[in-house]
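The values are calculated or read from the model by the stated rules, or taken from the named source; none is laboratory data. Every value quoted in this text rests on a predicted model; they were computed, and no experiment measured them. Please note: Cβ atoms are built from the backbone with ideal geometry, for glycine as well, and neighbour counts cover all protein chains shown. SASA here: full protein model, heavy atoms, side chains in, ligands and nucleic acids out. Shrake-Rupley method; radii C 1.70, N 1.55, O 1.52, S 1.80 Å.
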Amino acid sequence: MIIDNSQFFAAKRFAITSFKLSYMELTERFINYTTFDTQSAEDSTSVPSTPKQLDFARYLKDELEREGFADVEMDEKGYIYATLKANTKKEVPTIGFISHYDTSPDASGKDVKARIVSNYDGTDIELSPGIVSTTEKFPELLLHKGEDLIVTDGTTLLGADDKAGIAEIVQAMCFLRDHKEIEHGKIRVAFNPDEEIGMGAHHFDVEKFGCEWGYTIDGGDLGELEFENFNAAGAKVFVKGVSVHTGYAKGKMVNANRLACEFNNMIPETDLPETTEGYQGFYHLLNIESRTEEAKLSYIIRDHDRDRFEDRKRFMEQCVASMNEKYGEGTVRMEMKDQYFNMKEKIDPNMHVIDVVLHAMQECGVPPKVVPIRGGTDGAQLSFRGLPCPNIFAGGVNFHGPHEFVSIQVMEKAMQVIVKICELTAGYND
């Protein structure tokens, strides 16, 4: 059965138990967040990368103030910080929870039409006429039979990455605010722009955040816990061609379009995202801008192992050298920079941060699923800046595209795990 948003919000008024109220508030909060277009932009030089992200940031800041958070502030770059004050006099570590509010450049985030599929029956879901999420293509759906799924109309992404994480954090803090019998220390929350373009942690004020450790709530399905991620670099390859009238081109033209294709064909087909999994690294061609006179290819380079990561970067440099040897020095040049590194290096000496999560999941009846991230999170960069920061599930599935969905029940479990982490941390020094 599919319920439209008006039916859902009307149903909220009839919630009679605290459990149901929390469930509905969390759902309403998330769906409201999805109405904001917060797509980031890869080639922007501003911070945030798109001004529309600030519209949501201002709304979120106001919401935190309305909910009674302390120390609420937003800087000029759109980074939001707030505090839930401790309700105990014990000496308790200050911990934090972080999520990003931008959505991926890979798919539109404008005019998102979220809706609820109630008590999902395990069949294909028609998002709009002719646009169907099939269980054959998206078997992950079958793991959520009997649950209430939030989906799109098939023309935009949903934005569970990572507005689900924000909703879960805010709702968890509200739950703790309203249940003073749950002892907890000082808790900090932070929400930032531009994670999807690898820039989210660049202007994050770790000192202001003031936590001994933190968690990004930015993972996938139920139970995911991630404290290993790719080492990452970005590369832009520039090809210089020579344009000459095709009737007189012999011996003169250098077609940058063709050379761009030749360069990309040097990348092994076994080392692409679509041919790798688990701990296997890859090269990914993000886009090509090309004409006869010049071309630009944008790549990301990924590997969990640091040595193999460095080998991959050297391979790209060798490809550039090979092209220049064949077509002349200066025909191809490359700009490459590191983006982030594997957080495992910083988490291993601080495994108590992981132990708390595993204990919290156990208490909440969530089977842990410890997996390496085939990507990165802001927590990877923050871990290297002195804030150990593993990643916890937020519930979204099939990110960055129109078949994205999230289970309301999984979102609720994520909220419960956050609450339990705060409660367990209050007993950390006991």
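Taken over segment 236-266, residues that are touching a residue at least 24 places away in the same chain (Cβ under 8 Å) and not basic (Lys, Arg) amount to 17. Hey, any hits in segment 395-402 for a residue that's among the polar types (S, T, N, Q), closer than 30 Å to residue 156 by Cα and modelled with pLDDT of 95 or more? There is at least one residue in segment 395-402 that is among the polar types (S, T, N, Q), closer than 30 Å to residue 156 by Cα and modelled with pLDDT of 95 or more.
Every residue, every condition in (1) surrounded by 22 or more Cβ atoms within 10 Å (Cβ to Cβ); (2) of a type outside the set (A, V, I, L, M, F, W, C); (3) not in a helix (DSSP H, G or I), yes or no:
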site: 184; (1), (2), (3): yes, yes, yes
site: 189; (1), (2), (3): yes, no, yes
site: 234; (1), (2), (3): no, yes, yes
site: 238; (1), (2), (3): no, no, yes
site: 270; (1), (2), (3): no, yes, no
site: 277; (1), (2), (3): no, yes, yes
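When 125, 116, 98 are checked against the criterion of being surrounded by 15 or more Cβ atoms within 10 Å (Cβ to Cβ), over 23 Å from residue 402 (Cα atoms), touching a Ser or Thr at 6+ places or on another chain (Cβ under 9 Å) and touching a residue at least 12 places away in the same chain (Cβ under 8 Å), 98 stands alone in meeting it. When 89, 85 are checked against the criterion of being open to solvent by 30 Å² or more (accessible area, probe 1.4 Å), touching a strand residue (DSSP E or B) at 6+ places or on another chain (Cβ under 7 Å) and either aromatic (Phe, Trp, Tyr) or under 30 Å from residue 185 (Cα atoms) (or both), 85 stands alone in meeting it.
Of the residues making up segment 144-173, those that are part of a loop (DSSP other than H, G, I, E, B), buried (at least 24 other Cβ atoms within 10 Å of the Cβ) and in contact with a Ser or Thr (Cβ under 7 Å, 6 or more places away or on another chain) are 157, 158, 159.
The set of residues in segment 378-400 that are in a loop (DSSP other than H, G, I, E, B), open to solvent by 10 Å² or more (accessible area, probe 1.4 Å) and closer than 20 Å to residue 104 by Cβ comprises 398, 399, 400.
Could you please let me know if residue 366 is crowded, with 18+ Cβ neighbours inside 10 Å and part of a loop (DSSP other than H, G, I, E, B)? Against the criterion (crowded, with 18+ Cβ neighbours inside 10 Å and part of a loop (DSSP other than H, G, I, E, B)), residue 366 qualifies.
Taking the stated definitions as given, is residue 264 crowded, with 17+ Cβ neighbours inside 10 Å and of a type in the set (S, T, N, Q)? Answer is no for this residue. Restricting the search to helices (runs of 4 or more DSSP H) fully inside segment 1-94 and requiring at least 1 residues that are modelled with pLDDT of 95 or more gives 18-34, 52-66.
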